[in-house]
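The values are calculated or read from the model by the stated rules, or taken from the named source; none is laboratory data. Please read all numbers here as calculations on a predicted model, not as lab measurements. Don't worry about glycine lacking a Cβ; one is built from the backbone with ideal geometry, like all the others, and counts go over all protein chains shown. Please note that ligands, DNA and RNA were not included when accessible areas were found on the heavy atoms of the full protein model with its side chains. Shrake-Rupley method; radii C 1.70, N 1.55, O 1.52, S 1.80 Å.
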Amino acid sequence: MDFLIEQPDTVEEAVRILAERPGAARAVWGGSDLVVEVRDGLSRPEVVVDLTRIRELVEVRETGDGGLSLGAGVPLEHLARRPELAERFGALAEALRAVGSVPLRFGSTLGGNLATASPAADSAPPLLVLEAEVEIAGPGGRRRPALADFFQGPRRTVLGPGEIITRILLPPPPPGARGTYLKFARRRALDLALVSVAALGWPDAEAASGVRFRLAAGAVAPTPLRLPAAEEILAAGRLDEETRTAVRRAVEAAVRPIDDVRAAATYRREMAGTLALRAVDRVLRTLEGGVA
Amino acid sequence: MKVMMSLTVNGKLETIAVRPGATLLEVLREDLRLTGTKRGCDHGDCGACTVLVDGEPRLSCITLALQVRGRRVDTIEGLAREGYPHRLQEAFDREGAAQCGFCTPGVLLSAAALLAGNPHPTREEVRDGLAGNLCRCTGFQKIVDAVEAAARGEGDR
Ligand SMILES: Cc1cc2nc3c(=O)[nH]c(=O)nc-3n(C[C@H](O)[C@H](O)[C@H](O)COP(=O)(O)OP(=O)(O)OC[C@H]3O[C@@H](n4cnc5c(N)ncnc54)[C@H](O)[C@@H]3O)c2cc1C
Ligand code: FES
Ligand code: FES
(Lines give C-alpha, C1' and ligand atoms only; values in the text may rest on other atoms or scores of the structure.)
(Ligands and ions follow the chains in the order given, each with its own letter.)
Protein backbone atom coordinates (compact mmCIF):
# COMPACT_ATOMS: atom_id res chain seq x y z
CA MET A 1 0.00 0.00 0.00
CA ASP A 2 1.34 3.33 -1.05
CA PHE A 3 0.17 6.49 0.70
CA LEU A 4 1.37 9.17 3.05
CA ILE A 5 0.18 9.20 6.62
CA GLU A 6 -0.77 12.12 8.85
CA GLN A 7 -1.16 11.65 12.58
CA PRO A 8 -2.95 14.71 14.01
CA ASP A 9 -3.54 15.21 17.75
CA THR A 10 -6.77 17.16 17.48
CA VAL A 11 -10.08 16.97 15.65
CA GLU A 12 -9.53 20.42 14.14
CA GLU A 13 -6.20 19.40 12.63
CA ALA A 14 -7.67 16.18 11.22
CA VAL A 15 -10.53 18.12 9.66
CA ARG A 16 -8.13 20.64 8.15
CA ILE A 17 -5.97 17.95 6.51
CA LEU A 18 -9.00 16.03 5.21
CA ALA A 19 -10.66 19.20 3.88
CA GLU A 20 -7.51 20.27 2.04
CA ARG A 21 -7.45 17.07 -0.01
CA PRO A 22 -11.07 16.15 -0.76
CA GLY A 23 -11.18 12.75 -2.41
CA ALA A 24 -7.47 12.11 -1.89
CA ALA A 25 -7.38 11.95 1.92
CA ARG A 26 -9.15 9.29 3.98
CA ALA A 27 -9.54 8.88 7.73
CA VAL A 28 -8.52 5.63 9.43
CA TRP A 29 -9.01 4.25 12.93
CA GLY A 30 -8.92 0.45 13.08
CA GLY A 31 -8.45 -0.05 9.36
CA SER A 32 -10.72 -3.10 9.33
CA ASP A 33 -12.68 -1.55 6.46
CA LEU A 34 -10.20 0.99 5.10
CA VAL A 35 -7.00 -1.09 4.95
CA VAL A 36 -8.91 -3.99 3.41
CA GLU A 37 -10.43 -1.63 0.81
CA VAL A 38 -7.07 -0.09 -0.10
CA ARG A 39 -5.36 -3.45 -0.27
CA ASP A 40 -8.02 -4.70 -2.66
CA GLY A 41 -7.49 -1.63 -4.86
CA LEU A 42 -11.06 -0.41 -4.25
CA SER A 43 -9.74 3.00 -3.24
CA ARG A 44 -6.39 4.70 -3.62
CA PRO A 45 -5.99 7.47 -1.04
CA GLU A 46 -2.91 9.64 -1.35
CA VAL A 47 -3.03 10.54 2.32
CA VAL A 48 -4.38 8.51 5.21
CA VAL A 49 -5.29 10.50 8.31
CA ASP A 50 -4.76 8.36 11.41
CA LEU A 51 -7.33 9.35 14.06
CA THR A 52 -5.95 7.10 16.82
CA ARG A 53 -3.90 9.84 18.49
CA ILE A 54 -6.87 12.17 19.06
CA ARG A 55 -7.75 12.08 22.77
CA GLU A 56 -11.23 13.50 22.34
CA LEU A 57 -12.27 10.55 20.18
CA VAL A 58 -11.63 7.94 22.89
CA GLU A 59 -13.71 9.54 25.64
CA VAL A 60 -16.83 7.97 27.10
CA ARG A 61 -18.86 10.42 29.16
CA GLU A 62 -22.11 10.51 31.10
CA THR A 63 -24.24 13.33 29.73
CA GLY A 64 -25.79 13.98 33.16
CA ASP A 65 -29.38 13.18 32.17
CA GLY A 66 -28.93 9.40 32.00
CA GLY A 67 -27.57 9.51 28.49
CA LEU A 68 -24.08 8.55 27.37
CA SER A 69 -21.58 10.08 24.93
CA LEU A 70 -19.38 7.55 23.12
CA GLY A 71 -16.20 8.74 21.41
CA ALA A 72 -16.12 7.68 17.76
CA GLY A 73 -12.70 6.06 18.29
CA VAL A 74 -13.32 3.92 21.37
CA PRO A 75 -12.51 0.33 20.37
CA LEU A 76 -15.70 -1.74 20.14
CA GLU A 77 -14.34 -4.30 22.63
CA HIS A 78 -13.78 -1.55 25.22
CA LEU A 79 -17.35 -0.34 24.74
CA ALA A 80 -18.76 -3.86 24.92
CA ARG A 81 -17.08 -4.41 28.29
CA ARG A 82 -18.39 -1.23 29.92
CA PRO A 83 -20.97 -2.00 32.64
CA GLU A 84 -23.06 1.12 31.88
CA LEU A 85 -23.62 -0.18 28.37
CA ALA A 86 -24.80 -3.57 29.57
CA GLU A 87 -27.01 -1.94 32.22
CA ARG A 88 -28.66 0.86 30.23
CA PHE A 89 -28.01 0.15 26.56
CA GLY A 90 -28.10 -3.65 26.44
CA ALA A 91 -29.09 -3.89 22.78
CA LEU A 92 -25.94 -2.01 21.79
CA ALA A 93 -23.71 -4.09 24.08
CA GLU A 94 -25.10 -7.30 22.53
CA ALA A 95 -24.59 -5.94 19.01
CA LEU A 96 -20.99 -4.93 19.65
CA ARG A 97 -20.16 -8.41 20.93
CA ALA A 98 -21.57 -9.78 17.65
CA VAL A 99 -19.02 -7.88 15.51
CA GLY A 100 -16.26 -9.99 13.97
CA SER A 101 -14.00 -11.40 16.65
CA VAL A 102 -12.16 -10.25 19.79
CA PRO A 103 -8.95 -9.06 18.02
CA LEU A 104 -11.04 -7.36 15.33
CA ARG A 105 -13.09 -5.55 17.99
CA PHE A 106 -9.98 -4.30 19.82
CA GLY A 107 -9.03 -2.56 16.56
CA SER A 108 -12.29 -1.21 15.26
CA THR A 109 -14.67 1.56 16.15
CA LEU A 110 -18.19 2.95 16.01
CA GLY A 111 -16.97 5.85 13.88
CA GLY A 112 -15.63 3.40 11.29
CA ASN A 113 -18.68 1.14 11.46
CA LEU A 114 -21.09 4.04 10.87
CA ALA A 115 -18.96 5.86 8.28
CA THR A 116 -18.63 2.68 6.20
CA ALA A 117 -22.44 2.55 6.21
CA SER A 118 -22.80 -1.11 5.33
CA PRO A 119 -26.50 -2.09 5.42
CA ALA A 120 -25.33 -4.95 7.68
CA ALA A 121 -23.39 -2.78 10.19
CA ASP A 122 -24.10 -4.37 13.55
CA SER A 123 -24.03 -1.15 15.55
CA ALA A 124 -26.73 0.53 13.46
CA PRO A 125 -30.00 -1.20 14.44
CA PRO A 126 -29.44 -0.80 18.21
CA LEU A 127 -28.32 2.82 17.73
CA LEU A 128 -31.50 3.44 15.71
CA VAL A 129 -33.80 2.08 18.44
CA LEU A 130 -31.85 4.08 21.01
CA GLU A 131 -32.45 7.18 18.82
CA ALA A 132 -28.76 8.04 18.85
CA GLU A 133 -27.35 11.22 17.39
CA VAL A 134 -24.06 11.46 15.50
CA GLU A 135 -21.81 14.42 16.25
CA ILE A 136 -19.91 15.45 13.13
CA ALA A 137 -17.00 17.90 12.99
CA GLY A 138 -16.11 19.56 9.71
CA PRO A 139 -14.72 22.71 8.14
CA GLY A 140 -18.01 24.47 8.96
CA GLY A 141 -17.99 23.51 12.66
CA ARG A 142 -19.99 20.80 14.42
CA ARG A 143 -23.46 19.46 13.77
CA ARG A 144 -25.48 16.67 15.26
CA PRO A 145 -27.90 14.83 12.96
CA ALA A 146 -30.02 11.94 14.18
CA LEU A 147 -28.59 8.58 13.11
CA ALA A 148 -31.89 8.01 11.26
CA ASP A 149 -30.89 10.86 8.91
CA PHE A 150 -27.21 9.88 8.69
CA PHE A 151 -27.39 6.95 6.26
CA GLN A 152 -28.15 7.84 2.64
CA GLY A 153 -27.73 4.48 0.92
CA PRO A 154 -25.35 1.53 0.86
CA ARG A 155 -21.94 3.02 1.77
CA ARG A 156 -23.36 6.55 1.52
CA THR A 157 -23.79 8.98 4.42
CA VAL A 158 -24.32 12.69 5.02
CA LEU A 159 -20.57 13.08 5.77
CA GLY A 160 -19.22 15.83 3.51
CA PRO A 161 -15.61 16.61 2.49
CA GLY A 162 -13.40 17.03 5.54
CA GLU A 163 -16.05 15.81 7.97
CA ILE A 164 -15.43 13.18 10.64
CA ILE A 165 -17.61 11.60 13.30
CA THR A 166 -16.50 12.73 16.75
CA ARG A 167 -19.01 11.00 19.00
CA ILE A 168 -22.24 9.11 19.18
CA LEU A 169 -24.79 10.44 21.67
CA LEU A 170 -27.17 8.07 23.37
CA PRO A 171 -30.11 9.90 24.93
CA PRO A 172 -31.45 8.45 28.20
CA PRO A 173 -33.57 5.41 27.36
CA PRO A 174 -37.26 5.50 28.40
CA PRO A 175 -37.71 4.48 32.07
CA GLY A 176 -37.66 0.72 32.55
CA ALA A 177 -36.57 0.05 28.96
CA ARG A 178 -34.96 -3.25 27.98
CA GLY A 179 -33.37 -4.01 24.66
CA THR A 180 -31.94 -6.84 22.64
CA TYR A 181 -30.13 -7.48 19.35
CA LEU A 182 -30.52 -10.62 17.28
CA LYS A 183 -28.03 -11.29 14.50
CA PHE A 184 -28.71 -14.04 12.04
CA ALA A 185 -25.58 -15.14 10.16
CA ARG A 186 -24.10 -18.34 8.79
CA ARG A 187 -21.59 -18.61 11.61
CA ARG A 188 -21.40 -17.09 15.06
CA ALA A 189 -18.17 -15.11 14.65
CA LEU A 190 -16.51 -13.29 11.76
CA ASP A 191 -19.58 -13.11 9.58
CA LEU A 192 -21.83 -10.30 8.47
CA ALA A 193 -25.53 -10.41 9.34
CA LEU A 194 -27.87 -11.94 6.77
CA VAL A 195 -30.60 -10.23 8.77
CA SER A 196 -30.50 -8.50 12.13
CA VAL A 197 -33.07 -6.91 14.41
CA ALA A 198 -32.80 -4.66 17.44
CA ALA A 199 -35.73 -4.14 19.79
CA LEU A 200 -36.26 -1.78 22.70
CA GLY A 201 -39.39 -2.06 24.86
CA TRP A 202 -40.67 -0.27 27.93
CA PRO A 203 -43.82 -0.13 30.06
CA ASP A 204 -46.14 2.66 28.90
CA ALA A 205 -49.59 3.05 30.47
CA GLU A 206 -50.76 5.11 27.50
CA ALA A 207 -50.18 2.33 25.01
CA ALA A 208 -53.20 0.02 24.66
CA SER A 209 -50.87 -2.97 24.99
CA GLY A 210 -49.15 -1.49 28.07
CA VAL A 211 -45.76 -1.73 26.36
CA ARG A 212 -44.22 0.44 23.71
CA PHE A 213 -41.55 -0.83 21.31
CA ARG A 214 -38.97 0.50 18.92
CA LEU A 215 -37.70 -1.89 16.25
CA ALA A 216 -34.96 -1.63 13.64
CA ALA A 217 -33.52 -4.09 11.13
CA GLY A 218 -30.18 -4.47 9.37
CA ALA A 219 -29.07 -6.07 6.07
CA VAL A 220 -32.59 -5.96 4.59
CA ALA A 221 -32.61 -2.58 2.83
CA PRO A 222 -30.12 -0.08 1.32
CA THR A 223 -29.71 1.37 4.82
CA PRO A 224 -30.42 0.08 8.33
CA LEU A 225 -34.12 0.66 8.92
CA ARG A 226 -36.55 1.65 11.69
CA LEU A 227 -39.82 -0.26 11.52
CA PRO A 228 -42.49 2.26 12.58
CA ALA A 229 -45.52 0.37 11.22
CA ALA A 230 -44.66 -2.71 13.29
CA GLU A 231 -44.03 -0.48 16.34
CA GLU A 232 -47.55 1.00 16.02
CA ILE A 233 -49.16 -2.41 15.81
CA LEU A 234 -47.31 -3.58 18.94
CA ALA A 235 -48.49 -0.54 20.90
CA ALA A 236 -52.10 -0.95 19.76
CA GLY A 237 -53.05 -4.30 21.19
CA ARG A 238 -52.28 -7.45 23.14
CA LEU A 239 -49.64 -9.70 21.56
CA ASP A 240 -52.01 -12.46 20.39
CA GLU A 241 -51.71 -14.54 17.21
CA GLU A 242 -53.49 -11.87 15.18
CA THR A 243 -51.12 -9.13 16.33
CA ARG A 244 -48.12 -11.37 15.68
CA THR A 245 -49.24 -11.97 12.12
CA ALA A 246 -49.80 -8.24 11.63
CA VAL A 247 -46.32 -7.43 12.99
CA ARG A 248 -44.75 -10.00 10.68
CA ARG A 249 -46.66 -8.58 7.69
CA ALA A 250 -45.62 -5.02 8.58
CA VAL A 251 -41.95 -5.99 8.83
CA GLU A 252 -42.10 -7.94 5.57
CA ALA A 253 -43.71 -4.95 3.85
CA ALA A 254 -41.11 -2.48 5.17
CA VAL A 255 -37.94 -4.33 4.19
CA ARG A 256 -36.39 -4.27 0.72
CA PRO A 257 -33.79 -7.03 0.80
CA ILE A 258 -31.55 -8.06 -2.09
CA ASP A 259 -30.56 -11.45 -3.47
CA ASP A 260 -26.85 -12.08 -3.12
CA VAL A 261 -24.38 -14.91 -2.64
CA ARG A 262 -25.20 -15.11 1.05
CA ALA A 263 -29.01 -15.38 0.93
CA ALA A 264 -32.09 -14.91 -1.24
CA ALA A 265 -34.28 -11.84 -0.81
CA THR A 266 -37.40 -13.91 -0.02
CA TYR A 267 -35.50 -15.71 2.73
CA ARG A 268 -34.20 -12.47 4.21
CA ARG A 269 -37.71 -10.99 4.18
CA GLU A 270 -39.22 -13.92 6.07
CA MET A 271 -36.33 -14.04 8.51
CA ALA A 272 -36.76 -10.33 9.24
CA GLY A 273 -40.33 -10.99 10.40
CA THR A 274 -39.24 -14.02 12.41
CA LEU A 275 -36.36 -12.19 14.11
CA ALA A 276 -38.55 -9.18 14.90
CA LEU A 277 -41.04 -11.40 16.73
CA ARG A 278 -38.25 -13.26 18.54
CA ALA A 279 -36.71 -9.97 19.63
CA VAL A 280 -40.07 -8.71 20.90
CA ASP A 281 -40.63 -11.94 22.85
CA ARG A 282 -37.20 -11.67 24.37
CA VAL A 283 -37.70 -8.09 25.49
CA LEU A 284 -41.13 -8.95 26.95
CA ARG A 285 -39.57 -11.79 28.96
CA THR A 286 -36.90 -9.49 30.42
CA LEU A 287 -39.51 -6.80 31.17
CA GLU A 288 -41.60 -9.35 33.07
CA GLY A 289 -38.54 -10.75 34.79
CA GLY A 290 -37.50 -7.22 35.74
CA VAL A 291 -33.86 -7.79 34.88
CA ALA A 292 -31.81 -6.96 31.78
CA MET B 1 9.98 8.11 1.70
CA LYS B 2 10.39 6.27 4.96
CA VAL B 3 9.44 7.54 8.39
CA MET B 4 11.33 6.83 11.61
CA MET B 5 9.44 5.24 14.47
CA SER B 6 10.12 3.54 17.77
CA LEU B 7 8.19 0.76 19.41
CA THR B 8 8.89 -1.85 22.04
CA VAL B 9 8.81 -5.38 20.67
CA ASN B 10 8.96 -8.25 23.16
CA GLY B 11 10.46 -5.89 25.72
CA LYS B 12 13.13 -4.49 23.42
CA LEU B 13 13.06 -0.90 22.14
CA GLU B 14 13.34 -0.85 18.35
CA THR B 15 13.85 2.24 16.20
CA ILE B 16 13.22 1.65 12.51
CA ALA B 17 12.41 3.41 9.26
CA VAL B 18 9.06 2.30 7.80
CA ARG B 19 7.05 3.03 4.68
CA PRO B 20 3.92 5.01 5.69
CA GLY B 21 1.71 2.37 4.03
CA ALA B 22 3.39 -0.59 5.76
CA THR B 23 1.29 -2.74 8.06
CA LEU B 24 2.52 -3.84 11.46
CA LEU B 25 2.64 -7.39 10.07
CA GLU B 26 5.01 -6.36 7.27
CA VAL B 27 7.29 -4.52 9.66
CA LEU B 28 7.41 -7.40 12.12
CA ARG B 29 8.14 -10.02 9.49
CA GLU B 30 10.23 -8.13 6.98
CA ASP B 31 12.04 -5.40 8.90
CA LEU B 32 12.37 -7.03 12.30
CA ARG B 33 12.60 -10.58 10.91
CA LEU B 34 10.11 -11.86 13.45
CA THR B 35 8.52 -14.42 11.17
CA GLY B 36 6.62 -16.25 13.91
CA THR B 37 3.68 -13.93 13.22
CA LYS B 38 1.98 -15.40 10.15
CA ARG B 39 0.31 -13.86 7.14
CA GLY B 40 -2.74 -15.92 6.35
CA CYS B 41 -5.47 -13.93 4.61
CA ASP B 42 -4.11 -10.37 4.96
CA HIS B 43 -7.78 -9.27 5.33
CA GLY B 44 -8.63 -9.60 9.02
CA ASP B 45 -10.43 -12.90 8.57
CA CYS B 46 -8.12 -15.62 9.88
CA GLY B 47 -6.28 -14.35 12.97
CA ALA B 48 -2.90 -15.83 11.97
CA CYS B 49 -1.35 -12.36 12.32
CA THR B 50 -2.66 -11.75 15.87
CA VAL B 51 -0.17 -9.93 18.13
CA LEU B 52 -0.61 -8.05 21.41
CA VAL B 53 -0.52 -4.24 21.42
CA ASP B 54 -0.31 -2.92 24.99
CA GLY B 55 -1.56 -6.38 26.02
CA GLU B 56 -4.60 -6.38 23.72
CA PRO B 57 -4.94 -8.80 20.80
CA ARG B 58 -4.87 -7.00 17.46
CA LEU B 59 -4.77 -8.07 13.83
CA SER B 60 -1.39 -6.89 12.58
CA CYS B 61 -2.38 -7.27 8.90
CA ILE B 62 -4.90 -4.43 9.10
CA THR B 63 -3.01 -2.25 11.59
CA LEU B 64 -0.66 0.34 10.10
CA ALA B 65 2.81 0.18 11.62
CA LEU B 66 2.88 3.90 12.35
CA GLN B 67 -0.29 3.54 14.41
CA VAL B 68 1.63 1.63 17.08
CA ARG B 69 4.50 4.08 17.40
CA GLY B 70 5.57 4.27 21.03
CA ARG B 71 3.45 1.25 21.97
CA ARG B 72 4.35 -2.15 23.38
CA VAL B 73 3.99 -5.03 20.92
CA ASP B 74 4.30 -8.67 21.96
CA THR B 75 4.68 -11.46 19.41
CA ILE B 76 4.97 -15.22 19.70
CA GLU B 77 8.76 -14.87 19.92
CA GLY B 78 8.28 -13.20 23.32
CA LEU B 79 5.90 -15.73 24.86
CA ALA B 80 8.50 -18.17 26.18
CA ARG B 81 10.57 -16.81 29.07
CA GLU B 82 14.25 -17.53 29.62
CA GLY B 83 14.09 -20.56 27.37
CA TYR B 84 11.08 -22.05 29.14
CA PRO B 85 7.83 -22.42 27.21
CA HIS B 86 4.77 -20.51 28.46
CA ARG B 87 2.22 -22.73 30.22
CA LEU B 88 -0.04 -22.36 27.16
CA GLN B 89 2.75 -23.65 24.92
CA GLU B 90 3.28 -26.58 27.30
CA ALA B 91 -0.42 -27.37 27.26
CA PHE B 92 -0.63 -27.12 23.43
CA ASP B 93 2.25 -29.55 23.17
CA ARG B 94 0.76 -32.02 25.63
CA GLU B 95 -2.82 -31.88 24.29
CA GLY B 96 -1.82 -32.11 20.60
CA ALA B 97 -3.35 -28.69 19.90
CA ALA B 98 -0.95 -27.84 17.07
CA GLN B 99 -0.62 -29.74 13.81
CA CYS B 100 0.84 -27.76 10.92
CA GLY B 101 1.33 -24.90 13.36
CA PHE B 102 0.44 -22.06 11.03
CA CYS B 103 -2.42 -20.76 13.16
CA THR B 104 -0.68 -21.53 16.45
CA PRO B 105 1.17 -18.25 17.11
CA GLY B 106 -2.04 -16.25 16.68
CA VAL B 107 -4.08 -18.72 18.71
CA LEU B 108 -1.54 -18.63 21.55
CA LEU B 109 -1.55 -14.84 21.72
CA SER B 110 -5.35 -14.68 21.69
CA ALA B 111 -5.38 -17.30 24.44
CA ALA B 112 -2.73 -15.47 26.46
CA ALA B 113 -4.77 -12.25 26.29
CA LEU B 114 -7.92 -14.12 27.28
CA LEU B 115 -6.29 -15.74 30.34
CA ALA B 116 -4.67 -12.46 31.39
CA GLY B 117 -8.12 -10.86 31.71
CA ASN B 118 -10.07 -13.97 32.73
CA PRO B 119 -7.85 -16.60 34.39
CA HIS B 120 -10.62 -19.20 34.68
CA PRO B 121 -12.79 -18.93 31.58
CA THR B 122 -15.69 -21.27 30.84
CA ARG B 123 -15.41 -23.43 27.73
CA GLU B 124 -17.82 -21.04 26.02
CA GLU B 125 -15.65 -18.07 26.94
CA VAL B 126 -12.58 -19.84 25.53
CA ARG B 127 -14.43 -20.54 22.28
CA ASP B 128 -15.55 -16.93 22.09
CA GLY B 129 -12.07 -15.57 22.84
CA LEU B 130 -10.57 -17.73 20.09
CA ALA B 131 -13.35 -17.30 17.52
CA GLY B 132 -11.16 -14.92 15.50
CA ASN B 133 -8.44 -17.54 14.96
CA LEU B 134 -9.12 -20.08 12.25
CA CYS B 135 -7.43 -23.47 12.27
CA ARG B 136 -7.57 -25.74 9.25
CA CYS B 137 -6.06 -28.76 10.98
CA THR B 138 -7.13 -29.51 14.51
CA GLY B 139 -10.90 -29.07 14.44
CA PHE B 140 -10.50 -26.69 17.41
CA GLN B 141 -11.46 -29.13 20.20
CA LYS B 142 -7.88 -29.83 21.22
CA ILE B 143 -7.08 -26.14 21.14
CA VAL B 144 -9.94 -25.41 23.54
CA ASP B 145 -8.90 -28.40 25.69
CA ALA B 146 -5.34 -27.08 25.85
CA VAL B 147 -6.41 -23.57 26.88
CA GLU B 148 -8.61 -25.08 29.59
CA ALA B 149 -5.71 -27.24 30.78
CA ALA B 150 -3.42 -24.21 30.92
CA ALA B 151 -6.08 -22.28 32.85
CA ARG B 152 -6.25 -25.12 35.38
CA GLY B 153 -2.52 -24.59 35.85
CA GLU B 154 -1.42 -27.88 34.35
CA GLY B 155 2.08 -27.68 32.98
CA ASP B 156 2.90 -24.56 34.98
CA ARG B 157 6.51 -23.49 34.81
C1 LIG C 1 -12.83 -9.90 9.16
C2 LIG C 1 -13.80 -8.78 9.33
C3 LIG C 1 -15.01 -9.03 9.96
C4 LIG C 1 -15.94 -8.01 10.14
N5 LIG C 1 -17.11 -8.31 10.78
C6 LIG C 1 -18.01 -7.32 10.98
C7 LIG C 1 -19.24 -7.61 11.67
O8 LIG C 1 -19.49 -8.73 12.12
N9 LIG C 1 -20.13 -6.59 11.81
C10 LIG C 1 -19.89 -5.34 11.35
O11 LIG C 1 -20.74 -4.47 11.54
N12 LIG C 1 -18.73 -5.05 10.71
C13 LIG C 1 -17.80 -6.00 10.50
N14 LIG C 1 -16.64 -5.72 9.84
C15 LIG C 1 -16.42 -4.35 9.33
C16 LIG C 1 -15.58 -3.44 10.24
O17 LIG C 1 -14.82 -4.20 11.14
C18 LIG C 1 -16.44 -2.46 11.03
O19 LIG C 1 -17.20 -1.68 10.15
C20 LIG C 1 -15.60 -1.57 11.96
O21 LIG C 1 -16.43 -1.03 12.94
C22 LIG C 1 -14.85 -0.46 11.24
O23 LIG C 1 -14.13 0.32 12.18
P24 LIG C 1 -12.62 0.75 11.95
O25 LIG C 1 -12.24 1.64 13.08
O26 LIG C 1 -11.77 -0.42 11.68
O27 LIG C 1 -12.77 1.61 10.61
P28 LIG C 1 -11.67 1.98 9.50
O29 LIG C 1 -11.45 0.82 8.61
O30 LIG C 1 -10.50 2.63 10.11
O31 LIG C 1 -12.52 3.06 8.72
C32 LIG C 1 -13.71 2.66 8.04
C33 LIG C 1 -14.25 3.81 7.20
O34 LIG C 1 -14.73 4.85 8.04
C35 LIG C 1 -13.97 6.03 7.86
N36 LIG C 1 -13.78 6.52 9.23
C37 LIG C 1 -13.16 5.90 10.28
N38 LIG C 1 -13.33 6.59 11.41
C39 LIG C 1 -14.06 7.69 11.08
C40 LIG C 1 -14.57 8.82 11.80
N41 LIG C 1 -14.35 8.96 13.13
N42 LIG C 1 -15.28 9.73 11.13
C43 LIG C 1 -15.51 9.62 9.81
N44 LIG C 1 -15.07 8.58 9.06
C45 LIG C 1 -14.35 7.64 9.69
C46 LIG C 1 -12.73 5.64 7.10
O47 LIG C 1 -12.28 6.67 6.28
C48 LIG C 1 -13.23 4.46 6.30
O49 LIG C 1 -13.92 4.90 5.16
C50 LIG C 1 -15.66 -6.71 9.66
C51 LIG C 1 -14.45 -6.46 9.03
C52 LIG C 1 -13.52 -7.47 8.85
C53 LIG C 1 -12.22 -7.16 8.19
S1 FES D 1 -3.51 -12.46 8.16
FE2 FES D 1 -4.40 -11.02 9.48
S3 FES D 1 -6.31 -11.89 9.91
FE4 FES D 1 -5.52 -13.23 8.37
S1 FES E 1 -2.60 -26.32 13.22
FE2 FES E 1 -2.69 -26.09 11.06
S3 FES E 1 -3.96 -24.36 10.87
FE4 FES E 1 -4.11 -24.77 12.95
* **Environment charge of A:P8, counting only residues whose C-beta is closer than 9 Å and scoring Lys/Arg +1, Asp/Glu -1** => -3
* To do: Please tell me the relative contact order of the stretch A:59-170 in percent, rounded to the nearest whole number, where contacts are Cα pairs under 8 Å and at least six residues apart.
  => 29 percent
* For chain B, calculate the relative contact order in percent as a whole number, restricting contacts to Cα pairs under 8 Å that are 6 or more residues apart. => 24 percent
* Asked: Between rounded, prolate and oblate, where does the stretch B:87-152 land on the alpha carbon gyration tensor, with a ≥ b ≥ c its root eigenvalues, rounded for a/c under 1.5, else prolate if a/b exceeds b/c?
  -> prolate
* Asked: For the protein assembly as shown, what proportion of DSSP beta bridges, expressed in % and rounded to the nearest 5, is antiparallel?
  -> 85 percent
* To do: On the protein heavy atoms, probe 1.4 angstrom, tell me the percent of accessible surface of chain A carried by carbon and sulfur.
  => 49 percent
* Along the Cα-to-C-beta direction of A:M1, a point sits 7 Å from the Cα; which residues of the stretch B:52-84 have their amide N less than 15 Å from that point? -> B:59-69
* Roll a 1.4 Å probe over the protein chains and send me the accessible area per residue for the stretch A:4-50 in Å². => 46 Å²
* Asked: Using a 1.4 Å probe, how large is the accessible area of A:M1, given in Å² and rounded to the nearest 10?
  -> 50 Å²
* Asked: How far apart, in nm, are two points set 7 Å out from the Cα along the Cα-to-Cβ line at B:C137 and at B:C41?
  -> 2.0 nm
* Asked: Near B:Q67, within a Cβ-to-Cβ distance under 10 Å, what is the net charge of the other residues, with Lys and Arg +1 and Asp and Glu -1?
  -> +3
* Structure fact -> Along the stretch B:128-140, Karplus-curve 3J(HN,Hα) (6.51, -1.76, 1.60; θ = phi - 60°) to the nearest Hz, with x for Gly and Pro, reads 5, x, 9, 5, x, 10, 8, 10, 8, 10, 7, x, 6
* Have a look at the DSSP beta bridges in the stretch A:1-133 and tell me what percent are antiparallel, nearest 5. => 35 percent
* Per residue in the stretch A:86-110, which ones lose no less than 40 Å² of accessible surface when going from chain alone to all protein chains (1.4 Å probe)? -> A:V102, A:P103, A:F106
* Shape call, the stretch A:15-74: gyration tensor on alpha carbons, a/c limit 1.5 -> prolate
* Structure fact -> Once amide hydrogens are built 1.01 Å from N within the peptide plane, the residues lying 5 or more places from A:R155 or on another chain with amide H under 5 Å from its amide H are A:S118
* Relative contact order (percent, whole number), chain A, Cα cutoff 8 Å, 6+ residue spacing -> 16 percent
* Would you mind checking which residues have amide H under 5 Å from B:G132's amide H? H placed 1.01 Å from N; only 5 or more apart, or other chain. => A:V102
* Structure fact -> Once amide hydrogens are built 1.01 Å from N within the peptide plane, the residues lying 5 or more places from A:G237 or on another chain with amide H under 5 Å from its amide H are A:S209
* Asked: Between rounded, prolate and oblate, where does the protein assembly as shown land on the alpha carbon gyration tensor, with a ≥ b ≥ c its root eigenvalues, rounded for a/c under 1.5, else prolate if a/b exceeds b/c?
  -> oblate
* Structure fact -> Ignoring ligands, DNA and RNA, the residues of the stretch A:20-37 whose accessible area with a 1.4 Å probe is reduced by 10 Å² or more relative to the chain alone are A:V28, A:W29, A:G30, A:S32, A:V35, A:V36
* Roughly what angle does helix B:141-151 make with the longest principal axis of chain B, taking Cα atoms, 0 to 90 degrees, to the nearest 10? -> 90 degrees
* Structure fact -> With a 1.4 Å probe and ligands and nucleic acids left out, the total accessible area lost when A pairs with B, in Å² to the nearest 100, equals 2400 Å²
* Asked: Going through the stretch B:50-157, which GluC sites (Glu not before Pro) have at most 10 other Cβ atoms within 10 Å and a DSSP loop state?
  -> B:E82
* In square angstrom, what is the accessible area per residue of the stretch A:59-170 with a 1.4 angstrom probe? -> 33 Å²
* Computed accessible area, B:T15, all protein chains, 1.4 angstrom probe, square angstrom -> 80 Å²
* Asked: What are the ³J(HN,Hα) values, in whole Hz, obtained from phi via the Karplus relation 6.51 cos²θ - 1.76 cosθ + 1.60 with θ = phi - 60°, for each residue of the stretch B:36-49 in sequence order, with x given for Gly and Pro?
  -> x, 7, 9, 9, x, 9, 6, 9, x, 8, 10, x, 4, 9
